[in-house]
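The values are calculated or read from the model by the stated rules, or taken from the named source; none is laboratory data. Given the structure is predicted, the values throughout are model-derived calculations rather than measurements. Here the Cβ positions follow ideal geometry from the backbone for every residue, glycine too, while neighbour counts run over all protein chains shown. What goes into the accessible areas is simple: the full protein's heavy atoms, side chains included, and nothing from ligands, DNA or RNA. Shrake-Rupley method; radii C 1.70, N 1.55, O 1.52, S 1.80 Å.
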Amino acid sequence: MTTRRLGLLFVVCAPSGAGKSTLLAALCREFPELAFSISATTRAPRPGEVDGRNYHFMSEEEFSRLRDTGHFAEWARVHGNFYGTPMRPVVDQLAAGRDVLFDIDVAGADQLRQVFAEGAYVFILPPSKAELARRLSGRGTETPEVVARRLENAAGEIAQAPRFDYLVVNDDLDTALDRLRAIYLAERSRTRLSPDLVEELLAQFA
Ligand code: ADP
Ligand code: 5GP
């Protein structure tokens with residue numbers, strides 16, 4: 001069938017260390033057609049992170065310049081760094097019928113919801129505070145001060161979870177991935193994303 005399909009906006013939030021990057025990387029491997037929205041950030045790259053693939057890494061000056069020229073669909077200061085979603089690729093990909101995946105913070109999700117109310121908004125919860133602390137320090141990518149700041153911010157972020165459409169507890173990784181996949185596939189099957197599907201099939205019965 002050649003029916004027009006509309007792209008889905010799939011937004012995933014979590015407190016730092018909950019396992020969001022791990023889950024989203026697995027989802028992207030499974031669904032290569034899912035386009036990852038590459039954010040701009042003023043944070044320094046972590047070992048292994050690639051400019052233009054994980055993030056567009058930039059100075060605060062460059063970020064401010066882009067922000068002031070309306071480049072971002074949303075932006076926020078998170079854990080002391082600036083992050084923003086370039087608008088253009090999102091609009092282009094959705095228009096081309098591609099689903100777009102967003103790894104952003106809760107403040108960014110709020111802004112995005114005002115522009116794209118029809119997306120799916122998912123919140124990943126850690127199983128406990130102790131496990132979140134273990135994962136954050138276990139990852140070994142942040143200094144103890146940064147880990148402490150991210151843990152302090154976690155309560156405020158988790159408090160926003162009830163406003164999301166879906167909650168996924170990332171205790172056992174495979175179970176959490178099963179749930180995330182189920183949500184993605186269900187949202188992908190929404191009637192509004194395939195406006196011509198029934199009519200095209202009906203035409204064959206005419
Ligand atoms: P986030 O992107 O939410 O900050 P990461 O995906 O980087 O978190 O995960 C933080 C750490 O926790 C990583 O070392 C990752 O391997 C580990 N991790 C992720 N999910 C699980 C899980 N379900 N059980 C145990 N460890 C996990
Ligand atoms: P990290 O520094 O660990 O990659 O990301 C820190 C936080 O910033 C995470 O919660 C991540 O989802 C969020 N983030 C990443 N990109 C964006 C973005 O474009 N906009 C907003 N608002 N948050 C982002």
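For the chain, the share of accessible area belonging to carbon and sulfur comes to 54 percent (1.4 Å probe, ligands and nucleic acids excluded). Taking all protein chains into account, the per residue accessible area for the chain stands at 54 Å² (1.4 Å probe).
Projecting the Cα atoms of Q93, V146, A120 onto the charge dipole of segment 93-155, computed from C-beta unit charges around the Cα centre, puts V146 farthest toward the positive end. Across segment 80-206 the C-alpha pair distances fall into 5 Å bins from zero in the proportions 2, 8, 14, 17, 18, 15, 11, 6, 3, 2, 2, 1, 0, 0 percent.
Our coupling estimate for segment 86-99, obtained by passing each phi through the Karplus curve with A = 6.51, B = -1.76, C = 1.60 and θ = phi - 60°, is x, 6, 3, x, 5, 4, 4, 6, 4, 5, 7, x, 8, 6 Hz, Gly and Pro reported as x.
Remark: segment 38-97 projects, on average over all directions, an area of 4.5 nm² (convex hull of Cα atoms).
For segment 136-195, what is the charge dipole size about the Cα centre, in debye to the nearest 20, if Lys and Arg each add +1 at the Cβ and Asp and Glu each add -1 at the Cβ?
The calculated dipole for segment 136-195 is roughly 380 debye.
Divide the volume of the convex hull around the Cα atoms of segment 1-145 by the residue count and you get 128 Å³ per residue.
Below 8 Å between Cα atoms, with a sequence gap of 6+, how large is the relative contact order for the chain in percent?
So the answer I get is 33 percent.
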